[in-house]
Amino acid sequence: MTRALKISHIIPQRSIYSYIHKRTMSSTPSLPKFIVWAPDYTDEGALQRRLAVRPTHLENIKKLVSQGTLRLGGGFMTPESVDAAAADKKFLGSCIIFEGENIDVVRKLVEEDIYYKTNVWDKEKLVILPIALATALPPVPS
């Protein structure tokens with residue numbers, strides 16, 4: 001009969017975090033991570049506003065990615081958009097992971113984004129929270 005081993009039998013419970021941390025994280029300290037959940041407004045003109053300023057938004061994103069501030073992000077869409085042609089995809093908002101000194105720094109970056117300034121993102125529903133990642137982020141481009 002085969003017996004399954006629990007991870008706590010291999011690595012004592014109190015040291016699991018430090019074991020994972022040492023195996024997956026670099027030795028250099030990193031800044032805290034924050035997740036931004038930014039749903040779009042749902043009025044009739046919301047998608048048109050998004051598409052009108054998207055090139056400017058993407059240019060800013062490229063800058064923040066190259067600086068290592070924006071670590072991961074993208075637009076979330078309707079389920080029907082998965083198989084739709086590019087022109088038919090319907091965005092519902094954005095999800096972004098930032099790295100920053102504190103939540104106020106990240107909030108300032110969000111408020112400077114063209115989607116925030118032009119009422120693409122619903123300011124009343126936008127959420128910024130610290131996140132403890134269980135997986136590694138992609139490396140910062142050099």
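The values are calculated or read from the model by the stated rules, or taken from the named source; none is laboratory data. Computed from a predicted structure; not experimentally measured. So basically every Cβ, Gly included, is an ideal-geometry build from the backbone, and we count neighbours across all protein chains shown. Just so you know, the surface numbers come from the protein's heavy atoms only, side chains and all, with ligands and any DNA or RNA stripped out. Shrake-Rupley method; radii C 1.70, N 1.55, O 1.52, S 1.80 Å.
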Residue match in segment 118-125 (condition: under 20 Å from Ala52 (Cα atoms), in contact with a helix residue (DSSP H, G or I) (Cβ under 6 Å, 6 or more places away or on another chain) and either among the β-branched types (Val, Ile, Thr) or without any contact (Cβ under 8 Å) to a residue 12 or more places away in the chain (or both)): yes
Examine segment 74-85 for a residue that is touching a helix residue (DSSP H, G or I) at 6+ places or on another chain (Cβ under 7 Å) and under 26 Å from Ser142 (Cβ atoms), and state whether such a residue exists. no
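One line per residue, one yes/no per condition, for (1) buried (at least 16 other Cβ atoms within 10 Å of the Cβ); (2) farther than 16 Å from Ala38 by Cβ; (3) modelled with pLDDT of 95 or more:
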{"site": "Ala85", "(1), (2), (3)": "no, yes, no"}
{"site": "Phe98", "(1), (2), (3)": "yes, no, yes"}
{"site": "Glu101", "(1), (2), (3)": "no, yes, yes"}
{"site": "Val120", "(1), (2), (3)": "yes, no, yes"}
{"site": "Val127", "(1), (2), (3)": "no, no, yes"}
Reported set for segment 30-51 where residues are touching a residue at least 40 places away in the same chain (Cβ under 8 Å), out of contact with any Lys or Arg (no Cβ under 7 Å at 6 or more places or on another chain) and open to solvent by 40 Å² or more (accessible area, probe 1.4 Å) is Ser30, Leu31, Pro32, Ile35, Trp37, Tyr41, Thr42, Arg49
Could you tell me whether Glu80 is part of a helix (DSSP H, G or I), more than 17 Å from the chain's Cα centre (by Cα), among the charged types (D, E, K, R) and more than 13 Å from Asp40 (Cβ to Cβ)? yes
Taking Val105 as the residue in question, decide whether it is open to solvent by less than 40 Å² (accessible area, probe 1.4 Å), modelled with pLDDT of 95 or more and either over 20 Å from the mean Cα position of the chain (by Cα) or of a type outside the set (D, E, K, R) (or both). no
